[in-house]
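Asker: So that we are looking at the same thing, I have put the structure below in structure tokens.
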Amino acid sequence: MRLRELVFGAACAAAVRAAARLEIADALGETPAGVDELAAAVDTEPLPLRRLLRALSCYGIFAETEDGRYVHTEMSRLLREDEPNSLRYISLWCTEPWTWEAWPRLDDAVRSGRNIFPELYGKEFFDYLHDDARDSAMVFNRAMTHSSRQSAAELADYLDLTGIGAVADIGGGQGHVLASLLEKHPQVHGTLLDLPKVVANADPRLREGGALASRTRLLPGDCRDAIPVDADLYIIKNILEWDDDSTRRTLRNVVAAARPGARVVVVENLVDDTPSMRFTTAMDLMLLLNVGGAKHSKASMVELMTEAGLCLGHIGPVNPYLHAFESTVPTG
């Protein structure tokens, strides 16, 4: 029975996507609501909506009361737009139209070891998003922003910045991690290094006129080429998912730029030794499909960091799906 449920997994993913697109969670308030009431609110037919809600409630997304009305559950609340830890855009991103074309080609990607995206769409993944799928690109940006903000706050709570005066967020995107750290530690200054188009759209708190701008340096660049930043702490979060050569170059560039004794913290999803393996291994397969990248095991991350010359220290969970690898640049 479990295998039967798994092979119908696409139906569950599609049901979550439908709920997110119809904004059912936003329409359902704090009191139980009947299907007719919800159908009117989200502009659907009542009977198909009941079927959708029945399927979702089997997975704990919404719950049906004894009198046939529906109420929120912990998971259904995460589909609300106004929920602080909302997963609405993550749910939409992971079920975008291109995913339904790509997943059936997973066997081809496993045979070849390469991404299958160019064969499907005639161009690489991010080129396709930029050129041909602007709506999907918007969903991607919002999903990454939501996810980054949530994990940035958790990482800021995790990290001990005692004795740290300058932080460098390497390949840090919009700089949510850096912003969270600067807000928590008023004595710290920071640099955000990423591609020119990325830093141009940095978190408003970090840009000119923002609350943290006086303590922030926005530095356009590619960490795979050079990291011209002097800092006490370098943070590299969720970007070492390219090929191993690019990862090696990034780590070596940090070691070349940093002074002896500087801290380097790498934060990644792991495909082993983590309570979220179903989630992280799924992301790993999606990376294989769309860009040819890969998530790391604990051993592979340790090997690459050690090979780059870093001295490994504590390795610990930031949250159920992220691990931090603490290290220092050698002093001798």
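Asker: How much solvent-accessible surface does I239 expose, in Å² to the nearest 10, with a 1.4 Å probe and all protein chains in place?
Answerer: 20
Asker: In Å³ and rounded to a whole number, note down the convex hull volume per residue for the Cα atoms of region 151-257.
Answerer: Per residue, the Cα convex hull of region 151-257 comes to 94 Å³.
Asker: Name the residues of region 121-137 whose amide N is less than 11 Å from a point 7 angstrom out from the Cα of V291 along the C-beta direction?
Answerer: Flagged as within label range: 125-127.
Asker: Give the distance, in whole Å, between the Cα centre of region 260-332 and the Cα centre of region 115-169.
Answerer: Region 260-332 and region 115-169 have Cα centres spaced 16 Å from each other.
Asker: Now, a different point. What is the percent of Cα-Cα separations in region 198-332 that go past 20 Å?
Answerer: When every Cα pair of region 198-332 is considered, 51 percent fall beyond 20 Å.
Asker: Another one. In Å and on Cα atoms, what radius of gyration and Dmax does the chain show?
Answerer: 21.9, 72
Asker: Which of D222, D132, D203 moves the most in a Gaussian network model of the chain with Cα springs under 10 Å?
Answerer: It is D132.
Asker: Quick one: in region 277-332, what % of C-alpha pairs are over 14 Å apart?
Answerer: 62
Asker: Let me ask another. First obtain the Kirkwood hydrodynamic radius of region 69-111 from its Cα pairs, then insert it into the Stokes-Einstein equation at 20 °C and 1.002 mPa s, and state the resulting D in µm² per second as a whole number.
Answerer: Rounded, D is 171 µm²/s.
Asker: Within the chain, which complete DSSP H helices have Cα atoms spanning at least 27 Å along the helix axis and a mean Kyte-Doolittle hydropathy of -1.0 or higher?
Answerer: 134-158
Asker: Just need the relative contact order of region 114-228 here, percent rounded to a whole number, with Cα pairs under 8 Å and 6+ apart.
Answerer: Computed value for region 114-228: 19 percent relative contact order.
Asker: Heads up, I need the accessible area for W103: 1.4 angstrom probe, whole protein in place, Å², nearest 10.
Answerer: Estimated to the nearest 10 Å², W103 gives 90 Å².
Asker: While we're here: Heavy atoms only, 1.4 Å probe, whole protein assembly: order E101, E74 by accessible area, highest first.
Answerer: E74, E101
Asker: Another question, if that's okay. Can you run the Rg to Rh ratio on region 214-283? Use alpha carbon positions and the Kirkwood inverse-distance Rh.
Answerer: Reported Rg/Rh (Cα atoms, Kirkwood Rh): 1.04.
Asker: Beyond 15 Å, what percent of the Cα pairs of region 192-237 remain?
Answerer: 47
Asker: Which of S214, V167, W242 sits closest to the plus end of the dipole of the chain, meaning its Cα is farthest towards the positive end, when Lys and Arg get +1 and Asp and Glu get -1 on the C-beta?
Answerer: V167
Asker: So, one more: Hey, any idea what % of region 252-328's accessible area is carbon plus sulfur with a 1.4 Å probe?
Answerer: That share works out to 61 percent.
Asker: Here's something else I'd like to know. Once you've got the GNM for the chain with C-alpha springs shorter than 10 Å, pick whichever of A179, A11, A200 has the biggest mean-square fluctuation.
Answerer: A11
Asker: OK, next. When the solvent-accessible surface of protein heavy atoms is calculated with a 1.4 angstrom probe, in what order do Y121, Y70 fall, highest first?
Answerer: Ranked from most to least accessible, the order is Y121, Y70.
Asker: Okay, moving on. Send over a whole-number figure in Å² for the accessible area per residue of the chain, probe 1.4 Å.
Answerer: For the chain, the per-residue accessible area is 50 Å².
Asker: Could you work out how much longer the chain between D222 and E66 gets when fully extended? Use 0.36 nm per residue separation minus the Cα distance between them, nm to one decimal.
Answerer: 50.4 nm
Asker: Let's see if you can work this out: charge +1 on each Lys and Arg Cβ, -1 on each Asp and Glu Cβ, no other charges. What is the dipole magnitude of the chain about its Cα centre, in debye to the nearest 20?
Answerer: Charge dipole, the chain, about its Cα centre: 420 debye, nearest 20.
Asker: N319 to R105: FRET efficiency via 1/(1 + (r/R0)^6), r the Cβ-Cβ distance, R0 22 Å, to the nearest 0.05?
Answerer: FRET efficiency, N319 to R105: 0.10.
Asker: Pairs of Cα atoms under 8 Å, at least six residues apart: use those to get the relative contact order of the chain, whole percent.
Answerer: 12
Asker: Using the Kirkwood radius built from alpha carbon pairs, what does the Stokes-Einstein equation give as D for region 75-139 at 10 °C and 1.306 mPa s, in µm² per second?
Answerer: It diffuses with D of about 119 µm²/s by this estimate.
Asker: Let me ask you something else. At a 1.4 Å probe radius, carbon and sulfur cover how many percent of the accessible area of region 139-248?
Answerer: Using a 1.4 Å probe with all protein chains present, region 139-248 comes out at 49 percent carbon and sulfur.
Asker: Over region 15-121, what is the mean sequence separation of C-alpha contacts under 8 Å (at least six apart), divided by residue count, expressed as relative contact order in percent?
Answerer: Relative contact order, region 15-121: 25 percent.
Asker: Taking only the alpha-carbon positions of region 238-315 and ignoring solvent, what does the Debye formula give for the base-10 log of I(q)/I(0) at q = 0.14, 0.25, 0.27 Å⁻¹?
Answerer: Relative scattering, expressed as log10 I(q)/I(0), comes to -0.47, -1.22, -1.34.
Asker: I've got another one for you. Sort V329, V302 by heavy-atom solvent-accessible area, probe 1.4 angstrom, most to least.
Answerer: V302, V329
Asker: What residue among C58, C12, C311 has the largest mean-square fluctuation in a Gaussian network model of the chain, using Cα springs under 10 Å?
Answerer: Residue with maximal mean-square fluctuation among C58, C12, C311: C58.
The values are calculated or read from the model by the stated rules, or taken from the named source; none is laboratory data. All values reported here derive from a predicted model rather than from experimental measurement. In this analysis, Cβ positions are derived from the backbone assuming ideal geometry, glycine residues included, and neighbour counts consider all displayed protein chains. We work out accessible area using only protein heavy atoms, side chains counted, and drop any ligands, DNA or RNA first. Shrake-Rupley method; radii C 1.70, N 1.55, O 1.52, S 1.80 Å.
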